[in-house]
Amino acid sequence: QVQLVESGGGLVQAGDSLRLSCAASGLTFSDYRVGWFRQTPGKERGVVAATNWNGRSTYYTDSVKDRFTISKDNAKNTVYLQMNSLKSDDTAVYYCAASLDGGGYLRGREYRYWGQGTQVTVSS
């Protein structure tokens, strides 16, 4: 059974940092690309960052570029999202998602497996 479990969210002040983790099980993690998405009430879930199977190719949405870093550790079956200089606009539930590498990576429909999410709240 495939499982993705996010952790590391919390309540922080603007300008602070958080490191989110996504632990995967039930799959051969090195075969998968992983994305981080976030969602706020009443808004569509949108991609934040994504990486290919070995972590060498990365993507960031413009609003987090130069602040967030995605990394993938296949030996630990874990993907991380380092979030620095957090802003109130970053407040959301953050989800990790995975699919076999190849094809698109910007749309939620392109990811087969999803975690339950972790709440990030940034106070101004």
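One table, with the values for the structure above:
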| quantity | calculated |
| --- | --- |
| Unique match (being more than 13 Å from GLY115 (Cα to Cα) and open to solvent by 50 Å² or more (accessible area, probe 1.4 Å)) among SER7, SER17 | SER17 |
| Matching residues in region 81-116 - criterion: being within 17 Å of ARG19 (Cβ to Cβ) and surrounded by fewer than 20 Cβ atoms within 10 Å (Cβ to Cβ) | GLN82, ASN84, SER85, LYS87, THR91, VAL93 |
| When residues of region 1-29 are limited to those that are of a type outside the set (Gly, Ala, Ser) and not in a strand (DSSP E or B), the one nearest to SER124 (Cα to Cα) | ASP16 |
| Options ASP62, ASP66; residue that is open to solvent by 20 Å² or more (accessible area, probe 1.4 Å), assigned to a loop (DSSP other than H, G, I, E, B) and at positive phi | ASP66 |
| Tally, over region 36-59, of residues that are open to solvent by less than 50 Å² (accessible area, probe 1.4 Å) and either under 11 Å from the mean Cα position of the chain (by Cα) or of a type in the set (Gly, Ala, Ser) (or both) | 10 |
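The values are calculated or read from the model by the stated rules, or taken from the named source; none is laboratory data. Everything numeric here is computed off the predicted structure, so don't read it as measured data. In this analysis, Cβ positions are derived from the backbone assuming ideal geometry, glycine residues included, and neighbour counts consider all displayed protein chains. Just the protein is used for accessible areas: all its heavy atoms, side chains included, with ligands, DNA and RNA removed. Shrake-Rupley method; radii C 1.70, N 1.55, O 1.52, S 1.80 Å.
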